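To start, the structure under review is shown below, and the notes come after it.
The values are calculated or read from the model by the stated rules, or taken from the named source; none is laboratory data. All of these numbers come straight from a predicted model, not from anything done at the bench. Quick reminder, even Gly has a Cβ in these numbers, built from the backbone with ideal geometry, and neighbours come from all protein chains shown. Accessible surface is based on the protein model in full, side chains and every heavy atom, while ligands, DNA and RNA are left aside. Shrake-Rupley method; radii C 1.70, N 1.55, O 1.52, S 1.80 Å.
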Amino acid sequence: MSLRPLGLVVTAAALAVPVIWWPGIAQGRDVIALFSQYLGIWALIAMALLQVIATRWPGVEAIFGGLDRGYILHKWLGIGAMAAILLHDTIDAEMDGLGRETALVELAETLGELSLYGILILVVITIATFIPYHLWRWTHRLMGFFFMAGAFHYLFILKPFANGDPLGLYTSAFCALGIVAFVYRLLPAGMRSSKRYEVSDITETGNAMAITMTPKGRALRHKAGQFAFLSIEGAEPHPFTISSAPREDGSIRMTVAKLGDYTNRMARTLKTGTAVRLEGPFGHFERRNTQDPELWIAAGVGITPFLAWSEALDPASGPVHLVYCIRDEASAAHLTQLNELALAKPNLTLHIQNSATDGRATADSILAKTGVSTDRLTVAFCGPMQMRKSLIEGFRRVGVSPSRFKFEEFEIRTGIGLRRLAAFLFERVVAPKRT
């Protein structure tokens, strides 16, 4: 459920390799200026890697682990690249004796400035999560163009090594890789690795809609708990959990809560017979058969992976307690089906945590409701981030280590704690001055 060590090793190695050529290049050179140039190189490598992660190529999850964790690395690579570029711009990178500036060199310098400010703006938009999602998606597409401007800047500026030298070839290879990855993401869904489906049924369930889709060719081969990117008639793809276990006919179901502009528009316009494309499957939120007790906790639309798990649950597995945290039964998606599954499978017990009558769910209240022992207990959770953090801490206090608390990142786009930083600064700087 975490970022694979292989992904960290690959990233660290990619950034470390240029150091091999430092001693030879640094002889007789201004090392401060050379360090500034290396900062630019590291920024290009980081941005190339984040472009590759964004492609969602099959090998990406094999290297970095679940795509949700890969996108966290994607975010921090972007932040790291921004910091490196700012330092590169601040520390003078010019060296004597590198040759005469030409019109091409001046153009490369100009594009470097464009890349700097463009990437800075886009990274700020990314980490400022109060900016609407649709605006972020639209602006994020520009990242690749600024990367290409940075690559042009690197290729044609004056530097203490040639593009044909080992360091030059190494960095150029990452520039080419990043550009290929970016161009791939610009391709229409039909030219990327995706499958054609058709909407065959739409059913209202609580405050969500269950969308069943049948394949129009080869079907996705998914495991219960995985998700896919749904693209409706060529529109921008959005990720949704597959809320059904694998079926023989290849059909799948996605349960979508009407929570924002995009999903509300889907509810109004999506009809049976609509052609869609699916990219995936992705994610490593998978259940392994075990005889040990399990506790599944779902909040709101977070029920979707557990619905698929419940359908695929082997009656010979150990006992499973599913706690469904809802506001009221009328808004609870798939509640009838979950009750039917609990009746049909003797090792599955469904518990409803109604916030209106039972209060907020905590580790203590969940353990009291289910009566399960924490001995060898594995907890799986899907729901809002703040609830997840509270439950992890609560279960840790009663003996369930974080390594036995499984979850998938609910949001691909995350901030960097700007609100907590602001609160910290207010408490430490502003508040003392007022007293």
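Could you please find all residues in the range 237-251 being open to solvent by less than 40 Å² (accessible area, probe 1.4 Å) and under 22 Å from the mean Cα position of the chain (by Cα)? Let's see the steps before the verdict.
Keep residues of the range 237-251 that are open to solvent by less than 40 Å² (accessible area, probe 1.4 Å), which gives 237-238, 240-245, 250-251.
Residues satisfying the conditions are P237, H238, F240, T241, I242, S243, S244.
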Would a scan of the range 197-212 turn up a residue that is open to solvent by less than 60 Å² (accessible area, probe 1.4 Å) and touching a Phe, Trp or Tyr at 6+ places or on another chain (Cβ under 8 Å)? no
Tell me whether the range 67-86 contains one or more residues that are outside any helix (DSSP H, G or I) and surrounded by 16 or more Cβ atoms within 10 Å (Cβ to Cβ). no
Identify, by number, the condition in (1) farther than 15 Å from L230 by Cβ; (2) touching a residue at least 12 places away in the same chain (Cβ under 8 Å); (3) assigned to a helix (DSSP H, G or I) that H284 doesn't meet. (3)
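Check A48, A108, A43 and return the single one that is more than 30 Å from L230 (Cβ to Cβ), in contact with a Gly (Cβ under 8 Å, 6 or more places away or on another chain), among the aliphatic types (A, V, I, L, M) and crowded, with 18+ Cβ neighbours inside 10 Å. Before the answer, list the steps.
Values: A48 fails: more than 30 Å from L230 (Cβ to Cβ); A108 fails: in contact with a Gly (Cβ under 8 Å, 6 or more places away or on another chain).
Only one candidate passes the filter, namely A43.
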Is there any pair linking a residue in the range 67-84 that is over 23 Å from Y38 (Cβ atoms) to one that is open to solvent by 10 Å² or more (accessible area, probe 1.4 Å) and outside any helix (DSSP H, G or I), with Cβ under 6 Å and at least six apart or on different chains, and which? L67/F282; D68/E408; D68/E409; R69/L3; Y71/I412
If L169 satisfies every condition in (1) without any contact (Cβ under 8 Å) to a residue 40 or more places away in the chain; (2) open to solvent by 60 Å² or more (accessible area, probe 1.4 Å); (3) within 19 Å of the chain's Cα centre (by Cα) but one, which is the exception? (3)
For the range 175-221, the count of residues that are at pLDDT below 90, charged (D, E, K, R) and over 26 Å from G59 (Cα atoms) equals 0
Listed residues T205, T263, T272; which is polar (S, T, N, Q), under 28 Å from R327 (Cβ atoms) and touching a strand residue (DSSP E or B) at 6+ places or on another chain (Cβ under 6 Å)? T263
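Looking only at helices (runs of 4 or more DSSP H) that lie completely in the range 295-409, which have at least 3 residues being closer than 21 Å to F285 by Cβ, open to solvent by 60 Å² or more (accessible area, probe 1.4 Å) and touching a residue at least 60 places away in the same chain (Cβ under 8 Å)? Talk me through it step by step, then tell me what you get.
Numbers: elements: 303-312, 335-344, 355-358, 363-370, 385-397.
In the range 295-409, there are no helices (runs of 4 or more DSSP H) which contain 3 or more residues that are closer than 21 Å to F285 by Cβ, open to solvent by 60 Å² or more (accessible area, probe 1.4 Å) and touching a residue at least 60 places away in the same chain (Cβ under 8 Å).
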Do we find a residue being of a type in the set (G, A, S) and in a loop (DSSP other than H, G, I, E, B) anywhere in the range 152-169? yes
Restricting attention to the range 223-235, and to residues there that are open to solvent by 20 Å² or more (accessible area, probe 1.4 Å) and touching a residue at least 24 places away in the same chain (Cβ under 8 Å), which single residue is farthest from R196 (Cα to Cα)? K223
Number of the condition not met by Y262 [criteria: (1) in contact (Cβ under 8 Å) with a residue 60 or more places away in the chain; (2) open to solvent by 20 Å² or more (accessible area, probe 1.4 Å); (3) over 27 Å from T55 (Cβ atoms)]: (3)
Only one of (1) under 21 Å from T205 (Cα atoms); (2) assigned to a strand (DSSP E or B) fails for T272. Which number is that? (2)
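Does V256 meet the test of being outside any loop (DSSP other than H, G, I, E, B), touching a residue at least 12 places away in the same chain (Cβ under 8 Å), under 26 Å from R327 (Cβ atoms) and open to solvent by 20 Å² or more (accessible area, probe 1.4 Å)?
On the way: outside any loop (DSSP other than H, G, I, E, B): yes; touching a residue at least 12 places away in the same chain (Cβ under 8 Å): yes; under 26 Å from R327 (Cβ atoms): yes; open to solvent by 20 Å² or more (accessible area, probe 1.4 Å): no.
Judged against the criteria, V256 is not a match.
Just to verify a result, which residue in the range 21-41, among those that are part of a helix (DSSP H, G or I), without any contact (Cβ under 8 Å) to a residue 60 or more places away in the chain and not small (G, A, S), is nearest to W76 (Cα to Cα)? Write out each step before concluding.
Residues of the range 21-41 part of a helix (DSSP H, G or I): 21-26, 31-41.
Restricting the remaining residues to those that are without any contact (Cβ under 8 Å) to a residue 60 or more places away in the chain gives 22-24, 26, 31, 35-36, 38-39.
Still in the list and also not small (G, A, S): 22-23, 31, 35, 38-39.
Numbers: W22: 25, P23: 29, V31: 27, F35: 21, Y38: 19, L39: 16 Å.
Here the answer is L39.
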